[in-house]
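Structure first, commentary second.
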Amino acid sequence: MKPFFISTHRLGFLAVFAAVFSGCVLKAQVPPTPLDEWRRMEQMPPRSYGCGRAELAPVIDGRLDDPAWQIVPWTQDFVDIEGSDRPQPRYRTRAKMLWDAEYFYVAAELEEPHVWGTLTNHDAVIFQDNDFEVFIDPDGDRHEYYEFEINALNTGWDLRLKKPYKDGGPALNEWEIPGLKTAVHVKGTLNDPANTDAGWTVEIAFPWKVLAEFAHRKTPPAEGDQWRVNFSRVEWHTDFADGKYHKLPGLKEDNWVWSPQGIIDLHRPEQWGYVQFTHRPTGAIHFVPDPAGKAKQRLQEIYYAQRAYRGKNGHWAKSLGELDLSVNPKAINPAEMKLTPDGFEVTVEVRLSRKKTQRWHIREDARVWPD
């Protein structure tokens, strides 16, 4: 894998700066613990979207004017990555989704008064330009997920991760998406500071045969299947001189997302949105909340509490009673924890109906799975 650089919006290294956290300035410049991060994140429920089946495949030309997209609803407008209580994005961003037998389609509209781009090499670090990004975790286990980035020059960067960076996951930058289709349309003049643009639109077609690798189940998805997906937009502060755009020194990029993360780190798949697939053409469906959602919340809290405990004490807690949990471990979704050779495993039982229960697990590297 060729070397590349990871920005703070990739890793969420909040320990490198003092932050305003949950509305209060942290004392003595102390960075938030993993459990502090989770307390912030859990206040922002993931968004949801009904993804309908296309009657006619959209033409991938970057323009969103063909009939396939006309009946498809937009997502909610993007917000700051830390949530809607942060400053509202300067420009509007929204997306649409569709699918058919061959592809999962994503379209996006990015308002932008000055559309620019510099990177033309495939697999360059695209977020060094303004960009649009897609994250897909097909089976929702927080591991084995995809990332794709594209700029206004239609230059792409495709990579996959075995697990999040915070859990030691490497980025497989050499990975490619055979059959991927992308296109960009600029509503204005690219790289021309002399005039004002309206923005740019993006179309992406992800082949199911590639996404199936991490889905570990049938693709295209069946009626009612839910995948975890998020979208991000990186926007740099710029000025122009001598006919060229320049990033303003000393200013970090803005990160605007569909489903807020609650933290400056896109690699927290538990915060990504739920996309529910349907054979209906409009996508106007009744969204079914994840029946194991509350149990997964409990598992995530214990996982982050364990990370905080280890950061303070140098080893994992042996029992739930040693952790700083919001409720008694036996009060809601009774939990069990055991130490393992690699770390720990926590199990929570979920009642799906009067006669059916299911056991969900999480381990030290954040992977979540059911029996």
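Across the range 201-212, computed HN-Hα scalar couplings (Karplus, 6.51 cos²θ - 1.76 cosθ + 1.60, θ = phi - 60°) run 10, 10, 10, 9, 10, 8, x, 4, 5, 8, 5, 5 Hz from first to last residue, x flagging Gly and Pro. When every Cα-Cα distance of the range 293-370 is counted in 5 angstrom steps from zero, the calculated P(r) takes the values 3, 16, 30, 25, 15, 7, 3, 1, 0 percent.
The range 165-196 and the range 253-294 have their alpha-carbon centroids 21 Å apart.
Each label point was placed 7 Å from the Cα along the Cα-to-Cβ direction; for residue 90 and residue 77 their separation is 1.6 nm.
Under a model in which nothing but the beta-carbon of Lys, Arg (+1) and Asp, Glu (-1) is charged, the chain shows a dipole of about 1580 debye around its Cα centre.
Here, the range 37-128 has an Rg and a Dmax of 16.3, 44 Å when only alpha carbons are counted.
Ordering 191, 83, 33 by the projection of their Cα atoms onto the charge dipole of the chain, which places +1 on the Cβ of Lys and Arg and -1 on the Cβ of Asp and Glu, puts 33 at the extreme positive end. Taking H as built 1.01 Å from N, whose amide H comes closer than 5 Å to the amide H of residue 262, not counting residues under 5 places away? Under 5 Å from the amide H of residue 262 lie the amide H atoms of 82, 83, each far enough along the sequence or on another chain.
Answer rounded, prolate or oblate for the range 102-200, using the Cα gyration tensor with square roots of eigenvalues a ≥ b ≥ c: rounded when a/c is under 1.5, else prolate when a/b is larger than b/c, else oblate. It is prolate, given that a/c is not under 1.5 and a/b is the larger ratio. Close amide H contacts of residue 246 (hydrogens built in the peptide plane, cut-off under 5 Å, sequence separation of 5 or more or a different chain): 239, 240, 241. Relative to the longest principal axis of the Cα atoms of the chain, the long axis of helix 293-313 makes an angle of roughly 80 degrees. What you get for the range 293-370, charging only the Cβ of Lys and Arg (+1) and of Asp and Glu (-1), is a dipole of about 460 debye around the Cα centre.
Spin-label pair residue 358-residue 55: with each label point 7 Å from Cα along the Cα-Cβ axis, the two points sit 3.3 nm from one another. I want the local charge near residue 187. Using Cβ-Cβ distances under 12 Å, sum +1 for each Lys or Arg and -1 for each Asp or Glu among the other residues. Net of charged neighbours comes to -4. Along the chain, counting only trypsin sites (Lys or Arg not before Pro) with a DSSP assignment other than H, G, I, E or B and at most 16 other Cβ atoms inside a 10 Å radius, the longest segment between sites is 93-161.
For the range 365-370, backbone phi angles converted through the Karplus equation (6.51, -1.76, 1.60; θ = phi - 60°) give residue-by-residue couplings of 9, 6, 5, 10, 7, x Hz, Gly and Pro being listed as x. Projecting the Cα positions of 344, 258, 215 onto the charge dipole of the chain (unit charges on Cβ atoms of Lys, Arg, Asp and Glu, taken about the Cα centre) puts 344 furthest along the positive direction. With the simple spin-label model, which puts each label point 7 Å out from Cα in the Cβ direction, the residue 242 to residue 319 separation comes to 6.9 nm.
Note on the range 221-321: Kirkwood radius taken over Cα pairs, Stokes-Einstein applied at 25 °C and 0.890 mPa s, translational D equal to 138 µm² s⁻¹. Across the chain, the longest piece that holds none of the GluC sites (Glu not before Pro) lying in DSSP loops with up to 16 other C-beta atoms within 10 Å covers 224-371.
Here the Karplus curve 6.51 cos²θ - 1.76 cosθ + 1.60, taken at θ = phi - 60°, turns the phi angles of the range 182-190 into couplings of 9, 7, 10, 10, 9, 8, x, 10, 5 Hz, with x standing for Gly and Pro. Averaging Cα coordinates gives a centre for the range 305-321 and one for the range 331-371; these two points are 18 Å apart.
Here, each number is a calculation from the coordinates, and none is a lab measurement. Everything quoted here is computed from the prediction, not taken from an experiment. Virtual Cβ from ideal backbone geometry, glycine too; neighbours counted across all protein chains shown.
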